Amino acid sequence: MGLMAALAAASALPDGVKAATGGRLGTPEPFSWDRLVAQARDLARKPYAPIAESTRAAADYDAAGKLTYGDAPMVAGNVRLFPAVRGTAPKPVTIAVVEGGQARAIVDTSDLFVGGHNTDAVGFRVMDATGRSDWLAFQGASYFRSSGDRDQYGLSARAIAIDTGLATGEEFPDFTRFWIEQTGADSVRIHALLDGPSLAGAYAFDCRKTANGVTQDVTAALFLRKDVKQLGLGAASSMFWYDQSSPARARGDWRPEIHDSDGLAIWSGNGERVWRPLENPAVARLHALRSDSPKGFGLLQRDQAFDHYQDDGVFYDRRPSLWVEPKGDWGAGAVGLYEMPTSSETLDNIALFWRADRPAKAGQRRDFAYRLTWTSKDPTIDGGSRCVDVFEGPGGSPGSPPLEGVRKFVFDFSGPALARLDRTSGVAPDTDLPKAAVVSAVAYPVARSDGRWRAMIDVRSTALTQPQFRLFLKRGNSALSETVIKAIET
């Protein structure tokens, strides 16, 4: 359906949904990916000019909610705008509707917000066919997120991560302009212009909603204004407060677990699969996990059992995982994981990205592409077996006094590689801990379970020479599981 036809068909939309009228759109201008790339290149050649805050912003979060979460009309077929909010989301963005290679900017937001307020937009959300629920949202800096296949928002993606976790401080560039084109009932193409002190960039997002979740094919061209110490691709932010393995002192709430994601998964170019359970550390720390030419990485919510959270308000069991699949060979580099301490569920304290070994220098152009998948189906489940639970406690045998200076780590694995194996199959744990640190290490099938195996290792703290250790299950010389990297709290 063409733009004008869509606007004329407003009366056919579901109750409570209105279409935008042509009077709110500016003069048509040619638009294409090549034009956007040229615009980003030209922008990077100029000094950075920060965006001024909106003078037409809503007073606070509640006021903003009343403007958009009601009988708010849509543009580009299935898009509703987010209004500017003083203090929390004050930077306005320019949004255009694209059809047939022509872009028309929204020049007047009157009647696009509830009550007819002509308020600046700071982002937008993509609605489903009913017009009552959204499945994709862009708002603030270069952040965006999806509700996946279970209609529950959780972690966020970012266009880029600049110097995340470094002592020099992090930079947050902004999406300043968007071009939106509806490509189907459950699909949309989004182009965006990124601008910040260190770079400018062009982005394209081809987004599709399916029964298995939401996929976004991302293409980007970056132009660097100046050197960047750490340029992070495929970036994401999440929240981890505590889970079943966290010490009692970290649990500040009645709910058994609180987290948007419970681990980092990596599929390295050499074929190794890694699982790194997330931590809420006492002090902030940045980890680099070697991953040349990665096949995939992401922050996952593997634990999806409601009774493990007991949260019937924000439903942590429904939060989607985010899997990043690079297109082409990204080359030599590492996955960066930044963990910060938190005592609340309201602030993200986990950051993820991949950074190349190649230095990011002023004047460079960087092109890259990847696919994002937002889903509750574990994208790593096709591996040999995966870690599904981690526990930690005092060392020693149950019923006996704890062993002084010894910690027990328990890892549960499940997957096809372990099916039909038993205690006589020669399954054993393999770890890189010093021999002096390993008091005992065993692996066995969990009684009355369906193919679940447990690796249990007692570790002597005084013999440790590293802040973390690696463990996997093997049979002879063959690995049966992904490698778990467990941080050791000191």
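Readers should treat all values here as calculations from the given coordinates under stated rules, not as data from a laboratory. Note that this is a predicted model, so its numbers are computed, not measured. So basically every Cβ, Gly included, is an ideal-geometry build from the backbone, and we count neighbours across all protein chains shown.
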### Query
According to the square roots a ≥ b ≥ c of the eigenvalues of the Cα gyration tensor, what is the shape class of segment 3-375, taking rounded for a/c under 1.5, prolate for a/b larger than b/c otherwise, and oblate for the remainder?
oblate
#### Entry: Part-to-part distance (alpha-carbon centres) for segment 66-92 and segment 378-434, which is given in Å
48
### Summary
The pairs in LYS408/LYS435; LYS435/LYS474; LYS209/LYS377 lying past 21 Å Cα-Cα in this model are none
### Alpha carbon centroid spacing (whole Å) that separates segment 214-272 from segment 295-325
12
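By how many nm would the segment from ASN118 to TRP33 grow when fully extended, if each residue of separation counts as 0.36 nm and the alpha-carbon distance is taken off?
On the way: separation 85, 0.36 × 85 = 30.60 nm, distance 2.99 nm.
Once the chain is fully extended between ASN118 and TRP33, it gains 27.6 nm.
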### Query
Where does each of HIS259, HIS191 land when they are ranked from fewest to most other beta-carbon atoms within 10 angstrom?
HIS191, HIS259
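Which value at 222 nm does the chain reach when only helices count, each DSSP H run of 4 or more adding -39,500 (n - 2.57), with the total divided by all residues and rounded to the nearest 500 deg cm²/dmol?
On the way: 3 runs with 26 residues, N = 490.
Helix contribution divided over all residues of the chain: -1500 deg cm²/dmol.
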### Query
Between LEU166 and ASP42, what is the spin-label point distance in nm, taking each point 7 Å from the Cα along the Cα→C-beta axis?
3.0
### Summary
Once both label points are put 7 Å beyond Cα along the C-beta direction, the SER293-VAL388 separation in nm becomes 3.3
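Can you tell me the FRET efficiency between LEU403 and SER449 if r is taken as the Cβ-Cβ distance and R0 is 30 Å, rounded to the nearest 0.05? Write out the running numbers ahead of the final one.
Details: r = 27 Å, r/R0 = 0.90.
That pair, LEU403 with SER449, gives E of 0.65.
Defining a contact as two alpha carbons under 8 Å apart and six or more residues distant in sequence, what relative contact order in percent does the chain show?
Details: 1245 pairs, mean separation 54.7, N = 490.
In percent, rounded to a whole number, it is 11.
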#### Entry: FRET efficiency, THR346 to THR424 (Cβ-Cβ, R0 35 Å, nearest 0.05)
0.10
### Message
If you take every residue apart from LEU166 with its C-beta less than 14 Å away from the C-beta of LEU166, what net charge results, scoring Lys and Arg +1 and Asp and Glu -1?
### Response
-1
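Extension gain ALA248-VAL442, at 0.36 nm per residue separation less the Cα-Cα distance, in nm? Walk me through the numbers on the way to the answer.
On the way: separation 194, 0.36 × 194 = 69.84 nm, distance 2.58 nm.
Additional length available on full extension: 67.3 nm.
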## Note on the structure
With 0.36 nm assigned to each residue of separation and the Cα-Cα distance removed, ARG150 to ALA185 gains 10.8 nm
### Query
Fewest to most neighbouring Cβ within 10 Å: what's the order for ASP317, ASP108?
ASP108, ASP317
